[in-house]
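See structure below.
The values are calculated or read from the model by the stated rules, or taken from the named source; none is laboratory data. If you're wondering where the values come from, they're calculated on a predicted model, not measured in any experiment. Note that each Cβ is placed from the backbone with ideal geometry, even for glycine, and that neighbours are counted across all protein chains shown. Note: accessible area is taken over every heavy atom of the protein model, side chains too, but ligands, DNA and RNA are not part of it. Shrake-Rupley method; radii C 1.70, N 1.55, O 1.52, S 1.80 Å.
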Amino acid sequence: MYQSLYRKYRPRSFGEVLGQNHIVRTLKNQIKSGRIGHAYLFCGTRGTGKTSVAKIFAKAVNCPNSVDGEPCNKCQICESANNNSLMDIIEIDAASNNSVDDVRELRDNIIYAPSSCKYKVYIIDEVHMLSGSAFNALLKTLEEPPQHAIFILATTEPNKIPATILSRCQRFDFKRISSKVISQNIKKIAEDSQINIDSRAIALIAKHGNGSMRDAISILEQCASYNDVLTYDDVCDILGTVNDDTLFALVNSLNDRDGKETIKQVDKLMLYGIDVNNLVKALLSFLRDVIVYKTCGAESEEILETEINDVILKASLFDMAFLSNALEKLMDLQGKIRYAQSPRIMLEITLLKLINPEISPDIDSILDRLKKVRKCD
Ligand SMILES: Nc1ncnc2c1ncn2[C@@H]1O[C@H](COP(=O)(O)OP(=O)(O)OP(=O)(O)O)[C@@H](O)[C@H]1O
Ligand SMILES: [Mg+2]
Ligand SMILES: [Zn+2]
């Protein structure tokens, strides 16, 4: 059976979990010292390892040969846990089992001793989807589950969890994963799966993952069926995003205060069939990279070596005030454009106002004009 890439590369031990060291370390220590809690809440952005870590933890507390808090991944228990056939690890999707009756059923079953393990572990995914009365029905059990039971609740929306539930759990916040770490993993997965892809293309995929490892792996998978050898341009095409060189040409014309060239560049981009929303998004991300590079240099965790190409280096010579003003104005535009009837016109006028603050009535532009007047004095 075909298994999607992100499931094939699900981490099976704590050591394979990337970018969540603070959580992994605490959980391993708890297992080592036998101070295991009875209720955990895993929160954070999608695709950052919540379900994976819950599965590893459930396995590790039950593995008889665990070393240093890590499951052995060889024994009977680890093996059945890895192919999802272990009776004592119970995964519940709260999105589709969110009623009081579902929780009642859980309460009726939890009292029975585990069948082959030391602990019965209940992993409740998307727990914010439980109904109000289902949460209430869960409270008592969550506070005092039988000795043999452990709860792991996972959610992307901790703000939707009642305080009564929160205060009964140990909470772990999963972080967005940096594009550097995502890109290293994508490189490894591509090599392992014999996907031929260049490093600039990998950097673009990592960036589009936007902190989510799963999203990045899914993009890689989508790209892999497009071409045998994947280039940066291919990935741009697939993602419907704009090439950095074209973005530079546009930003350069803004910096030169060349309105005619700016309009020409926008037209060129539109002819490629790029949607205005995506263009603004790409411009924002480009300006952000240039600003981060200007501020932090090449060492920053959030900027990849492969992203620091000639184009970023050239753009980093632009004035910081120009870059940040452009970024701000485009961010405003991004908010408005979604509902606009003529997004292209809004984009063009925003760009022209950047070039000619005189035509813009806002306070920044007035300040800009004042400065110019002062300079003339
Ligand atoms: N921290 C990580 N280290 C390595 N791989 C990861 C990590 N996080 C996610 N992945 C990859 O993404 C896939 C999905 O991760 P997982 O199901 O653990 O995410 P999640 O946080 O539970 O997401 P969701 O909120 O959507 O349920 C994994 O199978 C793995 O391929
Ligand atoms: Mg999950
Ligand atoms: Zn084991």
Task: Single condition V235 does not satisfy, out of (1) at pLDDT 95 or above; (2) in contact with a His (Cβ under 9 Å, 6 or more places away or on another chain) - done: (1)
Task: Top-ranked residue of region 12-34 - restricted to ones that are at pLDDT 95 or above and assigned to a loop (DSSP other than H, G, I, E, B), ranked as most open to solvent (accessible area, probe 1.4 Å) - done: R12
Open item on the list: Quick check on this structure: which one of I345, I291 is surrounded by fewer than 14 Cβ atoms within 10 Å (Cβ to Cβ), outside any loop (DSSP other than H, G, I, E, B) and at pLDDT 85 or above?
Closed with: I345
- [ ] State yes or no: is Y122 more than 16 Å from ligand 2 (Cβ to nearest atom), of a type in the set (F, W, Y) and either assigned by TED's automatic domain parsing to the domain that holds K28 or touching a Ser or Thr at 6+ places or on another chain (Cβ under 6 Å) (or both)?
- [x] no
Open item on the list: Taking the conditions exactly as written (outside any loop (DSSP other than H, G, I, E, B), under 30 Å from H208 (Cβ atoms), among the basic types (K, R) and more than 16 Å from ligand 3 (Cβ to nearest atom)), does R7 satisfy them or not?
Closed with: yes
- [ ] Quick one: count up the residues across region 323-333 that are buried (at least 16 other Cβ atoms within 10 Å of the Cβ) and of a type outside the set (K, R).
- [x] 6
- [ ] Please list, ordered by first then second residue, the pairs with beta carbon atoms under 6 Å, 6 or more apart or interchain, first in region 163-176 and among the charged types (D, E, K, R), second in a loop (DSSP other than H, G, I, E, B).
- [x] R176/T45; R176/G211
- [ ] Show the residue pairs that are 6+ apart or on different chains and have beta-carbon atoms under 7 Å apart, the first residue being within region 33-48 and farther than 18 Å from K160 by Cα and assigned by TED's automatic domain parsing to the domain that holds H148, the second being within 16 Å of ligand 3 (Cβ to nearest atom) and aliphatic (A, V, I, L, M).
- [x] I36/V61
Task: Which listed residue, of N62, N82, is buried (at least 20 other Cβ atoms within 10 Å of the Cβ) and more than 16 Å from ligand 2 (Cβ to nearest atom) - done: N62
TODO: State whether one or more residues within region 39-51 are within 16 Å of ligand 2 (Cβ to nearest atom) and assigned to a helix (DSSP H, G or I).
DONE: yes
Open item on the list: Between L304, L313, which is at pLDDT below 85, open to solvent by less than 90 Å² (accessible area, probe 1.4 Å) and farther than 16 Å from L250 by Cα?
Closed with: L304
Task: Subset of region 107-120 (residues that are more than 16 Å from ligand 3 (Cβ to nearest atom) and surrounded by fewer than 20 Cβ atoms within 10 Å (Cβ to Cβ)) - done: R107, D108, N109, I110, I111, Y112, A113, S115
Open item on the list: Checking the condition in the same structural domain as S13 (by TED's automatic domain parsing), surrounded by 21 or more Cβ atoms within 10 Å (Cβ to Cβ) and under 28 Å from K140 (Cα atoms), which residue from I77, I92, I56 passes?
Closed with: I56
Task: Some residue of region 240-255 being open to solvent by 70 Å² or more (accessible area, probe 1.4 Å), closer than 17 Å to V311 by Cβ and assigned to a helix (DSSP H, G or I) - done: yes
- [ ] Would you confirm whether any residue within region 260-269 is closer than 22 Å to I349 by Cβ and not in a helix (DSSP H, G or I)?
- [x] no
Open item on the list: Out of everything in region 204-230 that is under 20 Å from K50 (Cβ atoms) and not aliphatic (A, V, I, L, M), what residue ends up being modelled with the lowest pLDDT?
Closed with: N210
Task: Flag if D93 is within 15 Å of ligand 1 (Cβ to nearest atom) and of a type in the set (D, E, K, R) - done: yes
TODO: List the number of the failed condition for S179; all other conditions in (1) modelled with pLDDT of 95 or more; (2) small (G, A, S); (3) away from ligand 1 (no atom under 13 Å from the Cβ) hold.
DONE: (1)
- [ ] Would you please name the residue that is farthest from C43 (Cα to Cα), looking only at residues in region 121-137 that are open to solvent by less than 40 Å² (accessible area, probe 1.4 Å) and in contact with a strand residue (DSSP E or B) (Cβ under 7 Å, 6 or more places away or on another chain)?
- [x] V121
- [ ] Taking T155 as the residue in question, decide whether it is of a type in the set (S, T, N, Q), touching a strand residue (DSSP E or B) at 6+ places or on another chain (Cβ under 7 Å) and surrounded by 14 or more Cβ atoms within 10 Å (Cβ to Cβ).
- [x] yes
